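Trainee: Quick one: structure below, then a few questions.
The values are calculated or read from the model by the stated rules, or taken from the named source; none is laboratory data. Quantities reported herein were computed from a predicted structural model and do not represent experimental measurements. Positions of Cβ are backbone-derived with ideal geometry, glycine not excepted, and every protein chain shown enters the neighbour counts. For accessibility, only protein heavy atoms count, side chains too; no ligands or nucleic acids. Shrake-Rupley method; radii C 1.70, N 1.55, O 1.52, S 1.80 Å.
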Amino acid sequence: MEQYAIKGGNPLVGEVEIGGAKNAALAILAASIMTDETVVIENVPDVRDTNVMMQAMESIGAVIERIDRHTVKISGKSIRDIAIEDDYIKKIRASYYLLGALLGKHGKAQVALPGGCNIGLRPIDQHIKGFRALGADVRIEHGLIIAEAGQHLRGGHIYMDVVTVGATIDVMLAASMANGITIIENAAKEPHVVDVANFLNSMGACVRGAGTDVIRIKGVNKLHGTEYAIIPDQIEAGTFMFAAAVTKGDVTVKNIIPKHLESISAKLIEIGCEVEESDDAVRVVASKPLTHTHVKTLPYPGFPTDMQPQITVALGLSRGTSIVTESIFENRFKYVDELTKMGASIKVEGNTAIIDGVSKYTGAGISAPDLRAGAALVMAGLAAEGTTIIDDIKFIERGYEDFHIKLQGLGAQVEKINSERELQKFRLKTG
């Protein structure tokens, strides 16, 4: 089983290049099969989730050619099968985007119920509500979501009961080829919602208002081919920004959109870091001791739930008492037990963590419970005294490309190992 071995204590210093946004890529890959013409997508992150999505698309007849590591050419022309029961697809949450894409194009779809990280309930009721508002019959049978639209989807008016990125995007995909006008109210405003809308528009869709809480979609009969580059990954960028903070480092994060990182930058400044922005980069310098703060996760433009474990790791090393409130997922503090093994002083009550800052973390054997918590525990290992071994790194590789290699480029002592012998070699090398 692969693990990360980390010898902590080195400040991270240097520059790191951020890849394409995983959460945008998954929806854009799914949307690419809504045209019979060829689509070229650039800046696709080479991570487990995107590769699983492409395998599922190939299983129903899509033709996918990798032009290079981050560029794919996709043709959905030969898709005849609208049922995706592939074992792979059950492992990722974003499988439901294929439901919206196939329903929009073919008027029917069957997709296995989604999997992904166990960070709490992520019901698909708003997806189902949205598809029904577009005239589809939706039911769940034998572990499959089955949606059928009869002759054609028709535009509808949908009010989302909660702000949900997945359902906003899924309904947007289906509605882009429905008859008439669809209005989505209380829509999610995240950068990747905007990116998917821009991608659909580049294929000839008519989506307006993405990035606000009301999206209007005028359905079109057909979509055409396009070439499109995915936006940079806001969460990968934020992870490296906080890694600079916890290791007392000086890191310039490149190939980003600073606007997408405003809530993250604001919290870093609040806890005592210097943050310098330029057109497509941000530099984080942690030359002073970190101080406490309070943070509550919220839908964009609030502080992202996907950055909650990372800021908690930083606040665990900050002076004073901090409070972190998780308002999106109820199961997102599972990593706290692992962090406690490293010396953190954190008490979780319901959806709130009360953090008393400690002077240091110490290395331990720990496990990554999910994608973002796994990355946060790597950060803790980089800041810790001694050696940390992290199990279940498959979760981290779902969303971070070459994570340990990028960290090595900033001076971190971290290696991927898969045997006791390799661990001994690492200990000798770093001892």
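Trainee: Mind telling me which of the residues V313, V324 ends up being open to solvent by less than 20 Å² (accessible area, probe 1.4 Å) and in a strand (DSSP E or B)?
Mentor: Details: V313 fails: in a strand (DSSP E or B).
That would be V324, the only listed residue that is open to solvent by less than 20 Å² (accessible area, probe 1.4 Å) and in a strand (DSSP E or B).
Trainee: Failed condition for L153, given (1) in contact (Cβ under 8 Å) with a residue 60 or more places away in the chain; (2) under 24 Å from the mean Cα position of the chain (by Cα), with all others met?
Mentor: It fails just one condition, (2).
Trainee: Further, regarding this structure: Scan region 150-177 for residues that are over 20 Å from L26 (Cα atoms) and either open to solvent by 10 Å² or more (accessible area, probe 1.4 Å) or of a type in the set (S, T, Y) (or both) and jot them down. Give the steps one after another, and end with the answer.
Mentor: Here is the first cut: in region 150-177, the residues over 20 Å from L26 (Cα atoms) are 150-162.
Listed by number, the residues that qualify are G150, Q151, H152, R154, G155, G156, H157, Y159, D161, V162.
Trainee: Does any residue of region 178-187 turn out to be polar (S, T, N, Q), touching a Gly at 6+ places or on another chain (Cβ under 7 Å), open to solvent by 10 Å² or more (accessible area, probe 1.4 Å) and more than 29 Å from K73 (Cβ to Cβ)? Spell out how you get there, then give the answer.
Mentor: First pass over region 178-187, keeping only residues polar (S, T, N, Q): 179, 182, 186.
Narrowing the set further to residues that are touching a Gly at 6+ places or on another chain (Cβ under 7 Å) leaves 179, 182.
Then drop every residue that is not open to solvent by 10 Å² or more (accessible area, probe 1.4 Å), which leaves 179.
Still in the list and also more than 29 Å from K73 (Cβ to Cβ): 179.
Yes, because at least one residue in region 178-187 is polar (S, T, N, Q), touching a Gly at 6+ places or on another chain (Cβ under 7 Å), open to solvent by 10 Å² or more (accessible area, probe 1.4 Å) and more than 29 Å from K73 (Cβ to Cβ).
Trainee: Among the residues of region 257-310, how many are among the charged types (D, E, K, R), crowded, with 18+ Cβ neighbours inside 10 Å and in contact with a Pro (Cβ under 7 Å, 6 or more places away or on another chain)?
Mentor: Here the count works out to 0.
Trainee: Pairs under 6 Å by beta carbon, first residue under 11 Å from G320 (Cβ atoms) and touching a residue at least 24 places away in the same chain (Cβ under 8 Å) in region 351-363, partner open to solvent by 70 Å² or more (accessible area, probe 1.4 Å) and not in a loop (DSSP other than H, G, I, E, B), six or more apart or different chains?
Mentor: Pairs that qualify, where the first residue is under 11 Å from G320 (Cβ atoms) and touching a residue at least 24 places away in the same chain (Cβ under 8 Å) and the partner is open to solvent by 70 Å² or more (accessible area, probe 1.4 Å) and not in a loop (DSSP other than H, G, I, E, B), are G357/R319.
Trainee: Can you find a residue that is more than 23 Å from M177 (Cβ to Cβ) and in contact with a strand residue (DSSP E or B) (Cβ under 7 Å, 6 or more places away or on another chain) anywhere in region 223-230? Even if it seems obvious, please write down each step before you answer.
Mentor: Of the residues in region 223-230, the ones more than 23 Å from M177 (Cβ to Cβ) are 229.
With in contact with a strand residue (DSSP E or B) (Cβ under 7 Å, 6 or more places away or on another chain) added as a condition, the list becomes 229.
Yes: one or more hits.
Trainee: Sort through L102, L26 and tell me the only one that's touching a residue at least 60 places away in the same chain (Cβ under 8 Å) and farther than 24 Å from N255 by Cα.
Mentor: Selected residue: L102, the only one of L102, L26 that is touching a residue at least 60 places away in the same chain (Cβ under 8 Å) and farther than 24 Å from N255 by Cα.
Trainee: Just checking, does region 335-342 include any residue being out of contact with any helix residue (DSSP H, G or I) (no Cβ under 7 Å at 6 or more places or on another chain) and not in a helix (DSSP H, G or I)?
Mentor: Looking for residues that are out of contact with any helix residue (DSSP H, G or I) (no Cβ under 7 Å at 6 or more places or on another chain) and not in a helix (DSSP H, G or I), one finds none in region 335-342, hence no.
Trainee: Of the numbered conditions (1) in a loop (DSSP other than H, G, I, E, B); (2) open to solvent by less than 30 Å² (accessible area, probe 1.4 Å); (3) modelled with pLDDT of 95 or more, P114 fails exactly one; give the number of that condition.
Mentor: (3)
Trainee: Also, quick follow-up: What residue, among those in region 327-354 that are at pLDDT 95 or above and aromatic (F, W, Y), is least open to solvent (accessible area, probe 1.4 Å)?
Mentor: Y335
Trainee: Counting only residues that are under 12 Å from K73 (Cβ atoms), open to solvent by less than 10 Å² (accessible area, probe 1.4 Å) and not in a helix (DSSP H, G or I), how many does region 25-41 have?
Mentor: Within region 25-41, residues that are under 12 Å from K73 (Cβ atoms), open to solvent by less than 10 Å² (accessible area, probe 1.4 Å) and not in a helix (DSSP H, G or I) number 2.
Trainee: Sticking with this one: Here are some residues: G386, G357. Which one is among the small types (G, A, S) and in contact with a helix residue (DSSP H, G or I) (Cβ under 9 Å, 6 or more places away or on another chain)?
Mentor: The unique qualifying residue is G357.
Trainee: Also: Among residues belonging to region 203-212 that are part of a loop (DSSP other than H, G, I, E, B) and touching a strand residue (DSSP E or B) at 6+ places or on another chain (Cβ under 7 Å), point out the one that is nearest to D250 (Cα to Cα). Show your work before the answer.
Mentor: So in region 203-212, the residues part of a loop (DSSP other than H, G, I, E, B) come out as 203-205, 209, 211.
When the remaining residues are screened for being touching a strand residue (DSSP E or B) at 6+ places or on another chain (Cβ under 7 Å), the result is 203, 209.
On the way: M203: 41, G209: 38 Å.
Filtering first and then ranking leaves G209.
Trainee: Another one. Would a scan of region 349-359 turn up a residue that is under 30 Å from G166 (Cβ atoms) and within 17 Å of the chain's Cα centre (by Cα)? Give the derivation first.
Mentor: Of all residues in region 349-359, those under 30 Å from G166 (Cβ atoms) come to 349-353, 355.
Among the residues that remain, those that are also within 17 Å of the chain's Cα centre (by Cα) are: none.
Checking region 349-359: not a single residue is under 30 Å from G166 (Cβ atoms) and within 17 Å of the chain's Cα centre (by Cα).
Trainee: Taking interchain pairs and intrachain pairs at least six residues apart, which have beta carbon atoms under 8 angstrom, with the first residue in region 224-253 and part of a helix (DSSP H, G or I) and the second crowded, with 24+ Cβ neighbours inside 10 Å and aromatic (F, W, Y)?
Mentor: Qualifying pairs under 8 Å: E236/Y400; T239/Y400.
Trainee: Taking interchain pairs and intrachain pairs at least six residues apart, which have beta carbon atoms under 6 angstrom, with the first residue in region 85-96 and more than 17 Å from T164 (Cα to Cα) and open to solvent by 40 Å² or more (accessible area, probe 1.4 Å) and the second modelled with pLDDT under 75 and assigned to a loop (DSSP other than H, G, I, E, B)?
Mentor: Between residues of region 85-96 that are more than 17 Å from T164 (Cα to Cα) and open to solvent by 40 Å² or more (accessible area, probe 1.4 Å) and residues that are modelled with pLDDT under 75 and assigned to a loop (DSSP other than H, G, I, E, B), the close pairs are K90/G115; K91/G115.
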